[in-house]
Amino acid sequence: MNIIKKEINETKEILTRIKNKNFLGNEGRAIKNSSWQIATTLIAKIGSLIFTIIIARLMLPELYGLYGLALSTILFMGIFSDLGINSALTTFLSKTIDKTPAKAKGYFHLLTKYKIIL
């Protein structure tokens, strides 16, 4: 029960910081960036919903079914296009950027090439 109260207090603190536009420090930066990410995701989802409704109205049911199949196939193949390259790039760059910038640059170029190829 104590954990729940702690989480509720932290949530209230975050909402207060957003309301007061207090984005100082690392926590503030994380809150600000998360807010932008949430807003971007919501706008993209709403836009996608509107686009889907428009496409469904313009196409015949058979064509809309074919469109759905093609879109599902493309999105399914998109799952395999990343293969953890973004995570690897973040991990290796964060570990080497301070110690050896040239090595970090090499990691960046190599993983970017892999990403483009896939």
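The values are calculated or read from the model by the stated rules, or taken from the named source; none is laboratory data. As the structure is a prediction and not an experimental result, all values here were calculated from the model. Please note: Cβ atoms are built from the backbone with ideal geometry, for glycine as well, and neighbour counts cover all protein chains shown.
The table that follows gives values for the structure above.
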| read-out | value |
| --- | --- |
| Qualifying residue in segment 68-76 (condition: farther than 30 Å from TYR114 by Cβ, at pLDDT 85 or above and of a type outside the set (D, E, K, R)) | yes |
| Scan of segment 45-67 for residues that are modelled with pLDDT under 95, hydrophobic (A, V, I, L, M, F, W, C) and under 30 Å from THR11 (Cα atoms), ordered by number | LEU49 |
| Inter-residue pairs, beta-carbon under 7 Å, first of a type in the set (Ser, Thr, Tyr) and in segment 31-55, second surrounded by 10 or more Cβ atoms within 10 Å (Cβ to Cβ), 6+ apart | SER35/ILE18 |
